[in-house]
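For reference, the structure discussed in these notes is given below.
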Amino acid sequence: MQVTHQVEVAVPAERAWEVLADGFADVATWASPVDRSDPSDGGRACATAVPGAATLEERLLVVDPDQMRLAHDAVGNPWPVHTARNDWRVESLHDGRCRITSTVTFELVGSGGVLAPVVRLGMAALVRRILADLRHVLEHDEVSPAKQRRLDRAGAAGHGDVRPLVAAVRSNALFSSACAVVLLLSAGPLAAPLGIDASVLRAVGAGLAAAVAGIPWVLARPRRVVAAAPVVVASDAAWVIGTAVVLAWPDLGIAPLGRGALVGVALAVAGVGVAQARGLRHAARTRRAEAGTSPVRVPTVCDRDAAGA
């Protein structure tokens, strides 16, 4: 099976070839589906955003500077892709423009054949996305908006890698939202089995709803997540401590089922609190690492001209 797409770019063919071939191992600096890329024996090792393919080893098969042809295959393809090869071609056009063509040839495992139409659509979308990223970085000497959004979500703008932290805060918000809905809608039926007054359950539900109302706004920017996370972790710790105090307080009349529910919720809150604390530490570590590493920049036409001057 094959998927072929091409784009015309307003830069000379030599410039496009420079990024594709000479910068083969630096694909993560401009391609939005690739989070990290490093040189490896015969190719590059990539960490990707492609579902099922967190890591890929891509091996160079053809590098022909005269014909401006490059081909590579991938090891570690996600099911149901068995083999995949990408053939690139750069052609010179008039007025200093060029055409870049990407042809992906892939085979599926036997049992995955029924998914061929879906895989073809996904592969076509991936190729179009990469070509769009490439055209943007070539024509504008800066990453595409899609790549920039990916970098922002990863916290590349001075916040470290906030993805684990974002996932933990999102899990906390989902769990808290579910508890709020249950308490607000079912406070009456739950009061007797739990041994907790319905008005108290409703008040707790309303408090949870208010607490999570601003989480989508927080999650929209890495800076907000990093700033809000310590407060969220402290709130979770206060919930766990408060639960322990309530359980130890005599004569509250909480039923065994209610006590069990309180313990279960407290354990869940403690779990997401630990995950958020770990996410914060991870963001801090990667932020320090980034501070000591110079960002990789795709060379521009002006850079090349200046070097030759």
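FYI, it's all coordinate maths here, none of it is from the lab. Note that the structure is predicted; figures quoted are calculated from it, not measured. In this analysis, Cβ positions are derived from the backbone assuming ideal geometry, glycine residues included, and neighbour counts consider all displayed protein chains.
Counting only Cα atoms, I'd like the Rg/Rh figure for the chain, Kirkwood definition for Rh.
1.13
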*the chain: angle of helix 116-140 to the longest principal axis, Cα-based, in degrees nearest 10*: 70 degrees
*Helix 163-194 versus the longest principal axis of the chain: what is the Cα-based angle in degrees, 0 to 90, to the nearest 10?*
30 degrees
*Round to a whole angstrom and tell me the spacing of the C-alpha centers of the range 214-272 and the range 33-56.*
38 Å
*Within the range 1-32, whose backbone N sits under 13 Å from a point 7 Å along Cα→Cβ of Leu93?*
6-13
*In Å and from the alpha-carbon atoms only, list the Rg and Dmax of the range 1-148.*
14.9, 49
*asked:* So if each residue of separation counts as 0.36 nm, and I subtract the Cα-Cα distance between Ser171 and Arg224, what length gain in nm does that give?
replied: 17.4 nm
*Using a Förster distance of 22 Å, how high is the FRET efficiency between Ala284 and Ala146, based on the Cβ-Cβ distance and rounded to 0.05?*
0.20
*At 222 nm, what helix-only mean residue ellipticity would the chain give, in deg cm²/dmol to the nearest 500, using -39500 (n - 2.57) for each DSSP H run of four or more?*
-18000 deg cm²/dmol
*Zone residues, the range 228-252, relative to Ala211, backbone N less than 16 Å from point 7 Å out along Cα-to-Cβ*: 228-247
*How much length, in nm to one decimal, is gained on full extension between Val240 and Ala192, taken as 0.36 nm per residue of separation minus their Cα-Cα distance?*
15.0 nm
*For an R0 of 30 angstrom, estimate the FRET efficiency from the Cβ-Cβ distance between Ala178 and Ala116 and round to the nearest 0.05.*
0.20
*Can you give the Rg to Rh ratio of the range 186-237, both from alpha-carbon atoms, with Rh computed by the Kirkwood formula?*
1.17
*Would you mind getting me the FRET efficiency between Arg69 and Ser40? Use the beta-carbon distance for r and R0 = 22 Å, nearest 0.05.*
0.55
